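A short reminder: the numbers here are calculations on the coordinates, not readings from a lab. Not measured: the values here are computed from a predicted model. Note that we place each Cβ from the backbone using ideal geometry, even for glycine, and neighbour counts take in every protein chain shown.
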Amino acid sequence: MASRASTDTATGRSGRRRRRWLLPAVLLLAWLVLSGIAGPYSGKLSEVQSNDNSQFLPSDAESQRVAELSAGFSDTQAFPGYLLLESDTPLTQQQLTDFGAFAAAVPDIAVPVAGAPARQVSDFLVPGPIPVVPSEDGEAALALVSFDSSELSATLSDGSSPIVAAIDQIRDAAKDLDGSLSGSGLTIYTAGPAATIADLVSAFGGIDGTLLLVAGIAVLLILLVVYRSPVLPFFVLLTAGFALTTASLLVYLLADAGIVTLDGQGQGILSILVVGAATDYSLLLVARYREELRGHDDRYDAMRRAWRQTLEPVAASAATVILGVLCLLLADIGPTRGLGPVAAVGIASAFVAALTFLPAILVLPGRSTGGEHGRWMFWPGVPHVGSQGAEATGIWAKVAGLVGRRPVAVGVVSVLALLVLAAFAPTLPSSGVSQSDTFRDRVQSVVGGEALARHFPAGSGSPTLVVAPQDELSAVTSAIQGADGVAAVTPTVDQATGGPKVVDGLVQLQVTLTDPADSPTAEDAVAALRSDLDGVSDQALVGGTTAQALDARDYATADRDRIIPAILLVVFVVLALLLRSLVAPLLLILANVLSFAATLGAAALVFNHVLDLPGGDPTVPLYAFVFLVALGIDYSIFLMTRVREESLLRGTRPGVLHGLAVTGGVITSAGIVLAATFAALGVLPILFLLQIAFLVAFGVLLDTFVVRSLVVPALVYLTGKKVWWPHPMSRREEPAPAADDLLLAH
């Protein structure tokens, strides 16, 4: 009987072991299948990008209303570009003739399409001649090339943009002409808004490969230092890779269906966000698993407990970020609004991968050097049962001891340091930059714009459009001619009558500005022109590319002022539900807002006095706030959930110190990883991404090493059990400190 009982017991254990294997095996198989399906979509996101500023504004924007009305003055809505011939000396008649012939032949240039018959540039242009206009100094000639604006959102059969493909072919043809023109010192530029779009797409070309390579190397090196293991870092990177392929598939489907707007910047942020978040969540799970392996011989029991203890803080962190970025749906600017669901999909994918794929692969069978199952991936630092972690004697135990001995000094000094940096925040440039300044490289559209300004009014090639009532044409024209920053104004002509063209009682005027059409000074001139025309006619509207940029700047500022309070409210509610407190969330938010202000101040010093950047877009502070507050609060969540857990056992003040000592290493590692991944954005030649890279990387490190490590623990320690108000924890009698608590505090 005893033998049968022992046999049954052994059989039962064997059955349980087999059942334990079932769920991890199913999860791994499911992820492998999903990865096989989703993998190709990582390289296809560029096919569903939209980089046309005119598509980003709401329909009630004045420039959008002008675009709708202007459609009546032409069969096809134009999107401007131009060819510019520049010489060191006055152009000869032969050179002008050759350039004119080239301009006339531009529509016939072939545009190859992979896997389909070649197209011609004329397929993407507004019908009509391409006139050549010599400059007054005789050293340049300008040819306007007007693209069909509907082609901005179109794609060729090979997934490429027709305007980008056409610009590339025009530039290649111009190189050949450049060499055949007689004389020396001749250069042909292809520039204007259409060429800027082509340069933007080129700048974002291969964005995933470049970013992932840089971020992957940085993360791998950091994980090798953190884990001191040759195996475990690759498990974490594999988790991040699966999360990214899943996110790419979902975002592609959403963008392809027109549900979200994805631009090049959003695609870059998605890659970095997913890799950083998935790595952070993985670090937290692995740290808790290693901690539990010291107390459990069975790896399944250790993982079950680690997973349960990790689920709440990671879920709260993911929910905070997801709800925070979804506040971007309140934005009027298309890319800002589109980034909300794109980032939310990325965070959700990171959360699911870290809490399903990684646990499954961590319990793979194997035998460590110590003979214990399920610990081989930690080799050589295998966590044996009964071994002690670094939280008792490591550097974070010393930091916790400092907070316990000197909470007032630590809190005051840390807060004062943040306030000093925050004092420089108002000097951060965020009033906008010219479109040419968005590039950190000397791309052709930028160089061509500078060349244009040397020989023509800088606004040539990208006219500002004014639509006004016919009976007010004279008064409106006079007001425009008398406005500052205006070089010339001409009405759109009716080819049949030779007079101004009238559509539904309206006329259209083309205004050439003295400043480059993509510059902040041109935007200011348009704003002043609108104000002047309001005094002449309440029906006169100002549009065009410069007006679109001005509207985008104004709407971006309004978005920032509306979204930041919404994010703060969402974060407060999530923290209140998580911590069952109103005081603790308030302290955490105040600390993170102060950290954000200090980050802006540090960025202002670096951007203005070290990098000497030309300015900043109004969306930069908004994006920085979204990621710093939503992501920065993660580390406070990781800390405070552990502090709450420890406080239930030890009391609030000992719980603060023990929670800081235990979580210090993993949270610091997570912060360094996230900072390194966002810093990878700085390798792309776009000013906006450089500024975001610095702001988020610096801000995350500030949150990690100062706010979460010093400010928050000191404030909570000084507040004591009242930090949990109105939860009953704030009124209960605190337990007597244990021996290890006294040791940690002293």
Using Cα pairs closer than 8 Å and at least 6 residues apart in sequence, work out the relative contact order for the chain, in percent.
17 percent
The range 285-294 - phi-based ³J(HN,Hα) in whole Hz, Karplus 6.51/-1.76/1.60, Gly and Pro as x
5, 4, 4, 5, 5, 5, 5, 6, 5, 6
Tell me, what HN-Hα J-couplings in whole Hz come from the Karplus equation 6.51 cos²θ - 1.76 cosθ + 1.60 at θ = phi - 60° for each residue of the range 92-106, using x for Gly and Pro?
7, 4, 5, 5, 5, 5, 5, 5, x, 5, 5, 4, 5, 8, 3
Let me check I've understood the local charge: for residue 341, count other residues with C-beta under 15 angstrom from its C-beta, Lys and Arg +1, Asp and Glu -1. What total comes out?
-1
J(HN,Hα) series, the range 500-507, from Karplus relation 6.51 cos²θ - 1.76 cosθ + 1.60, nearest Hz, glycine and proline x:
x, 6, 10, 10, 6, x, 10, 10
What 222 nm value per residue comes from the helices of the chain, counting each DSSP H run with n ≥ 4 as -39,500 (n - 2.57) and dividing by all residues, nearest 500 deg cm²/dmol?
-20000 deg cm²/dmol
Which Rg and Dmax, in Å, describe the Cα atoms of the chain?
30.8, 113
Long-range Cα-Cα pairs in the range 507-610 (distance over 18 Å), rounded percent:
68 percent
Which value, in nm² and rounded to one decimal, describes the direction-averaged projected area of the C-alpha convex hull of the range 87-184?
6.8 nm²
The answer for residue 431, listing residues at least 5 apart or on another chain whose modeled amide H is closer than 5 Å to its amide H, is 616
In terms of Cα to Cα distance under 20 Å, which aspartates and glutamates are near enough to residue 501, apart from those fewer than 8 places away along the same chain?
68, 75, 471, 472
Within the range 243-270, name every residue whose backbone N is under 11 Å away from a label modeled 7 Å from Cα of residue 37 along the Cβ vector.
250
Where does each of 327-336, 492-501 land if you order them by average Cβ count within 10 Å, highest first?
327-336, 492-501
Using a Förster distance of 56 Å, the FRET efficiency for residue 534-residue 406 (Cβ separation, nearest 0.05)
0.35
Using the alpha-carbon atoms, what tilt in degrees (0 to 90, nearest 10) does helix 407-422 show relative to the longest principal axis of the chain?
10 degrees
With residue 459 itself left out, Lys, Arg at +1 and Asp, Glu at -1 over residues whose Cβ is under 11 Å from its Cβ give -2
Counting only residues 5 or more apart in sequence or on a different chain, those whose built amide H sits under 5 Å from that of residue 125 are 148
I need the peptides 483-490, 278-285 ranked by packing, meaning the mean over residues of other C-beta atoms within 10 angstrom, with the highest value on top.
278-285, 483-490
Loop sites only, by DSSP: take the GluC sites (Glu not before Pro) in the chain that have at most 11 other C-beta atoms within 10 Å and name the longest stretch containing none of them.
137-732
